[in-house]
Structures are given as C-alpha cells and as structure tokens.
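Scroll down for the structure; my scribbles are underneath it.
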Amino acid sequence: MPDSRLPISLNFEHTYHDQLPGFFAALEPHAVAQPRLLQFNTGLANELGINCEQLTPEIIEDLFSGNTLPLDANPIAQAYAGHQFGNFVPQLGDGRALLIGELIDQNGSRRDVALKGSGITPFSRGGDGKAAVGPVLREYLIGEAMHSLGIPTTRALAAVATGEPVMREQKLPGAVLTRVASSHIRVGTFQFFAARQLTESVRKLADYVIQRHYPDASESPNCYLSLLQLVADQQAKLIAQWMLVGFIHGVMNTDNMAIAGETIDYGPCAFMEAYNPETVFSSIDHGGRYAFGNQPSIAVWNLARFAETLLPLINEADSDAAIADATAVLDTFIPTFQNHWYLGALKKLGLAGNKDTDQVGEQQRALIDDWFQWLAKGKVDYTLGWRYLADAATGNPCKLQSISTAPNHSASDDTANENLESWLARWRKQLGNTDPETVATTLRGVNPIHIPRNHLVEEALAAASDDGNLQPFETLLAAVKQPFDDSPHAPRYSSPATAEYTANYRTFCGT
Ligand code: AMP
Ligand code: MG
C-alpha cells in the first residue's frame, strides 16, 4: 500500500473505471523500498498537460514508482484474456500493471496512464507483479524510437528503479514503468467477456471503444461491423509501418494487440538487420509464428479472434450472416496491408502513387519487388539499404554496393542480367527530372539512419542494469529520437552488428 496520497492532482479522468464496472479489480500499487528516477519523459509530460513545476524529483520518484499516488488517481487492474502462441488463456489481465487514470492531452486525445511492475494483482497468476530495470528501459527506448519514426505506439512517461531485487533466472534490479497509451484495451479484453458468453459486456465494451476510438463507426448502419473494419484498417496500416522499418514485434498474442492500433508490449521485439522475411529473434518462438514476414497473416488471425467476439453483436438473429459479414471484412485486410506496404515502400523510394487513386501502378510494384529481391539476395542491411538510396540518387551508388554481399546479381527473376545498376536506372527513370539533391533530401527524411540496433540496445540495458550506468542508454536514446538526422551522432549508432552477432541474437519475454 502507498503511504498516503500526495496533495496534488494531475487532472485525471476515469471513463473506463466509471463506465465499465466489473471490467477490472480496484487496488493500490505496492510501495517500494527506495525509488530512484532512471528516466523522465518531459516532452511527453508536456504533451499530456502535466504541470511539471509541481513535480520535484522526489515527487516524481514517489509518484511513478507507485509509492504514493496523486489525490485523483483511481488505480485498477484491467481484466483480459488472450491467445498466446495460438492457445487460448481465458484469464490473463493486468498481472503487474495498474491503470491510474486518463488524461486529455494537448491534442484533445484521451490517454491512459498506467504503472507497470507495481506489484501483484488478482490477475498475477503466480507471478511476482514486478518488472526489472532492463525490460523497463527497453520498453522506454523502443517506444520512443517507434514514436520518433512516426509509428503509433504506447510511450513511457517515467522509469523508476525500486531499490528492490526482482528474482528471475538471476537476481535483477527492479523498476516501475509508467506507460501512456491511447488505451490499454486489447483484442484479449473482448475475448475475456466473449469467452464467458457475457454478450452484453462485450456490447458495452464495443460501445465504449466506438465512442473513445472509432466514433465514425456510430454513423454506420451496423456499428459493430464497422468497428471491426476500422480496427482491421488500423492494424493493416500499423503492421505495414512496422515492416517498412524492419520491426519485429516478436509476441503478437491477442492480448498484445491494442484495439486503438498502437504498438504495445515491447518484450522480445527486435529490429531486422540483413533483409530476410523469415527473421525471428525470440527465444520462445520456435515455429517462427511471429517471424518478420508472418506479421500480416498473424494480424489477420488475431483479428479473426476479435471478429468472433463481435459476431453476436454484428447479427444477433443470424449467425451465418454475421460470419459472412465478418469474413468479408477480414478479407480486406491483406489487400489493405499490401496497399500500405507498397505505398510506403514507394515513398521510401522517393516516388508517389497514382495521384487520383493513391494506388501503386504495376511498373512501380515491379520496381519495389525487385528492390526487395536485391536486398534479400545480397543480405543487405535493411536500414542502410534504404538510407543509401539518397546517395545513389545523387550519383553515388558505391555505398549501396558496398553493403551487399552480391551487388551485381540479377535483381529481377524475369529480367536476366539485371544488376543494381540497371535497377537504379529504372528507378531514376521513374524519379523523372526532379533535382537529385531534392530527391536525396526527401529520401533522408523518410529512411532512418538511426534505429535501435539490437547490439546497442543490449549494451545500454546491460550497463544500466548491471552497473547502474545510464550513460549508454541516454546516448542511444538521443540517437533514436533523431532517426533521420545523422550529423550529431557517432557512426556506431548507425552501424549494424556483425553478421555473427545477429545470427546468434536471441530475445526474451523479460517478464
Ligand atoms: P506479457 O507476456 O508481458 O504480454 O504478459 C502476459 C500476461 O502475463 C499478462 O497477463 C501479464 O500481466 C502477466 N505477467 C507478465 N509478467 C508478470 C509478472 N512478473 N507478474 C505477474 N504477472 C505477469
Ligand atoms: Mg502483454
């Protein structure tokens, strides 16, 4: 239990708590021994309208470790279920997290503020309710990197060390993360109530989600079918965005898919280095279920589980009709994903789709497909491959050539003898007579130079966790917060790991 409430208010609102009784357990966070601030996100605090002047470092440490809460917090652990690696678990829920309130940000959007690692809850299922410094800082770092890359994501407001050990395979220093999300409602939240055949609860949740995230659905003749479509569209866009920067979520269980369309739960995630759609880093993903190239089909699988929860709402009287309608929506996912993927790739090539239809033409598709083939065949670093196009645009393809193991192999299966040079010639032709320097500047604004390189992330987290040294973390954080800007950061922040390091790299859930 926290000692007391602090006599300050953060202007919290509590719509989830107030409108959805029975969807959570109310409880206080656990006090911690010796809170010490690791990182505070002042930019995000400002965005949330938090008055930082009232927050001394001591207050921040107390508030964001859960040692004490503001007067207007209303902590709850949310109930959810989920399919984990394809197996349904009827009760998961916030086993180590508490939603403490909602804030309306500077853009007028409602955002959840939640503590993660704040102690056991009725959903802990034998877990200790805690989090360790390494995984907390990983979530902080990757969330900021994704946000800076323009990808919808939950973000960290604070990371506070607890001064208490956490028992994992070895003893680790503990920490609490404060996570900000559009909401924490997951596919698994719907599944929790659907699995118990609580159709009216599913309806209440769906109505809440429509009001909070997808108000357009309420205009539609079948608002629940429309909700399914809007959620699917949002996910299709998100996953294309992930894949265009080489992001592999690693554990796309249905409880880790946020209905609002944000990336959530940075556990065994990683960034691909050499382009290969089969890339998997997670130590527990033996079958490659969540491999880079499987992400769109897994998203459809998850959305099918979401659709199942909505069937009685989509058509109460005729379940066959409900299934047919939902299937028709799910069938739009892959084409929608592909459209985002090709349009996104086109943008990364400095080109645009058809002005009227916003579609990618056949010639453009072929150019993109051949580019991916060239990346794959040459085991080209995905990030630098795109980045060095800017140099190629200004007549210097050497950098690109230098990062391919096979620069002059045939890039296209149906065009014999095509090599990088002839692909570049086709590309330049499509660029037309736009000034090359202008093209290069555009390309450097869409193709990042700084992603959180796996080896640098591990190095930074190890320094913080093992030695209490935050300097590598902060330097890396600064680099990934400027993903498109190469000038102020040392070259090591844009360099891949060795092929050997990447071949042996494994990620863990870190719970
Ligand atoms: P995750 O793998 O982080 O997506 O979590 C899956 C489920 O396990 C969720 O219900 C979490 O709340 C729960 N969980 C993960 N770690 C812990 C922990 N250390 N203590 C209690 N519950 C946990
Ligand atoms: Mg999770």
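The values are calculated or read from the model by the stated rules, or taken from the named source; none is laboratory data. For clarity, every value in this text was computed on a predicted model and none was experimentally measured. As a convention, Cβ positions derive from the backbone with ideal geometry for all residues, glycine included, and neighbour counts pool all protein chains shown. Ligands, DNA and RNA are excluded from the accessible area calculation, which covers all protein heavy atoms including side chains. Shrake-Rupley method; radii C 1.70, N 1.55, O 1.52, S 1.80 Å.
What is the number of the single condition among (1) part of a loop (DSSP other than H, G, I, E, B); (2) touching a strand residue (DSSP E or B) at 6+ places or on another chain (Cβ under 9 Å); (3) farther than 23 Å from N256 by Cβ that P29 does not meet?
In the conditions (1) part of a loop (DSSP other than H, G, I, E, B); (2) touching a strand residue (DSSP E or B) at 6+ places or on another chain (Cβ under 9 Å); (3) farther than 23 Å from N256 by Cβ, P29 misses (3) alone.
Being of a type in the set (G, A, S) and in contact (Cβ under 8 Å) with a residue 40 or more places away in the chain is the filter; apply it to the stretch 189-217 and report the residue that is least open to solvent (accessible area, probe 1.4 Å).
By that ranking, first place goes to A206.
Specify the residue that is farthest from V133 (Cα to Cα); the eligible residues are those in the stretch 231-251 that are within 16 Å of ligand 1 (Cβ to nearest atom) and buried (at least 24 other Cβ atoms within 10 Å of the Cβ).
Among residues in the stretch 231-251 that are within 16 Å of ligand 1 (Cβ to nearest atom) and buried (at least 24 other Cβ atoms within 10 Å of the Cβ), the one farthest from V133 (Cα to Cα) is I248.
Among the residues of the stretch 271-322, how many are assigned to a helix (DSSP H, G or I) and either on the phi > 0 side of the Ramachandran plot or acidic (D, E) (or both)?
Counting residues in the stretch 271-322 that are assigned to a helix (DSSP H, G or I) and either on the phi > 0 side of the Ramachandran plot or acidic (D, E) (or both) gives 2.
Checking the structure you have, find out if any residue of the stretch 327-347 is part of a loop (DSSP other than H, G, I, E, B), polar (S, T, N, Q) and open to solvent by 20 Å² or more (accessible area, probe 1.4 Å).
Checked the stretch 327-347: at least one residue is part of a loop (DSSP other than H, G, I, E, B), polar (S, T, N, Q) and open to solvent by 20 Å² or more (accessible area, probe 1.4 Å).
Just give me the residues in the stretch 70-102 being in contact with an Asp or Glu (Cβ under 7 Å, 6 or more places away or on another chain) and away from ligand 1 (no atom under 12 Å from the Cβ), in sequence order.
P75, L99, G101, E102
From T394, T357, T383, grab the single residue that is over 16 Å from W427 (Cα atoms), of a type outside the set (A, V, I, L, M, F, W, C) and modelled with pLDDT of 95 or more.
Result of the check over T394, T357, T383: T383.
Here's the yes/no breakdown for (1) of a type in the set (D, E); (2) more than 27 Å from the chain's Cα centre (by Cα):
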{"residue": "L6", "(1), (2)": "no, yes"}
{"residue": "H30", "(1), (2)": "no, yes"}
{"residue": "Q34", "(1), (2)": "no, yes"}
{"residue": "N67", "(1), (2)": "no, yes"}
{"residue": "F85", "(1), (2)": "no, no"}
{"residue": "D94", "(1), (2)": "yes, no"}
{"residue": "L98", "(1), (2)": "no, no"}
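Go over the candidates L103, L69, L115 one by one and state the one that is touching a residue at least 60 places away in the same chain (Cβ under 8 Å), in contact with a Leu (Cβ under 6 Å, 6 or more places away or on another chain) and more than 16 Å from ligand 2 (Cβ to nearest atom).
Step by step, each of L103, L69, L115 is checked, and only L103 is touching a residue at least 60 places away in the same chain (Cβ under 8 Å), in contact with a Leu (Cβ under 6 Å, 6 or more places away or on another chain) and more than 16 Å from ligand 2 (Cβ to nearest atom).
Listed residues Q84, Q54; which is out of contact with any strand residue (DSSP E or B) (no Cβ under 7 Å at 6 or more places or on another chain), within 15 Å of ligand 2 (Cβ to nearest atom) and either open to solvent by 10 Å² or more (accessible area, probe 1.4 Å) or hydrophobic (A, V, I, L, M, F, W, C) (or both)?
Among Q84, Q54, only Q84 is out of contact with any strand residue (DSSP E or B) (no Cβ under 7 Å at 6 or more places or on another chain), within 15 Å of ligand 2 (Cβ to nearest atom) and either open to solvent by 10 Å² or more (accessible area, probe 1.4 Å) or hydrophobic (A, V, I, L, M, F, W, C) (or both).
So G129 ticks every box in (1) within 30 Å of R453 (Cβ to Cβ); (2) touching a Ser or Thr at 6+ places or on another chain (Cβ under 7 Å); (3) small (G, A, S) but one. Which box is left unticked?
(1)
Just to be sure, is N107 in a loop (DSSP other than H, G, I, E, B) and under 27 Å from A299 (Cβ atoms)?
Yes.
What number of residues within the stretch 220-230 are in contact with a helix residue (DSSP H, G or I) (Cβ under 8 Å, 6 or more places away or on another chain) and either touching a residue at least 40 places away in the same chain (Cβ under 8 Å) or surrounded by fewer than 13 Cβ atoms within 10 Å (Cβ to Cβ) (or both)?
Matching residues across the stretch 220-230 total 6.
Tell me, please, whether a residue that is in the same structural domain as Q39 (by TED's automatic domain parsing), hydrophobic (A, V, I, L, M, F, W, C) and either surrounded by 21 or more Cβ atoms within 10 Å (Cβ to Cβ) or part of a strand (DSSP E or B) (or both) can be found in the stretch 116-128.
Checked against the condition, which is being in the same structural domain as Q39 (by TED's automatic domain parsing), hydrophobic (A, V, I, L, M, F, W, C) and either surrounded by 21 or more Cβ atoms within 10 Å (Cβ to Cβ) or part of a strand (DSSP E or B) (or both), the stretch 116-128 yields no hits at all.
Can you tell me which condition L48 does not meet? The list is (1) surrounded by 19 or more Cβ atoms within 10 Å (Cβ to Cβ); (2) under 19 Å from N67 (Cα atoms), and all the others hold.
(2)
For S9, which of the numbered conditions (1) farther than 30 Å from Q191 by Cβ; (2) buried (at least 22 other Cβ atoms within 10 Å of the Cβ) fails to hold?
Only one criterion is unmet by S9, namely (2).
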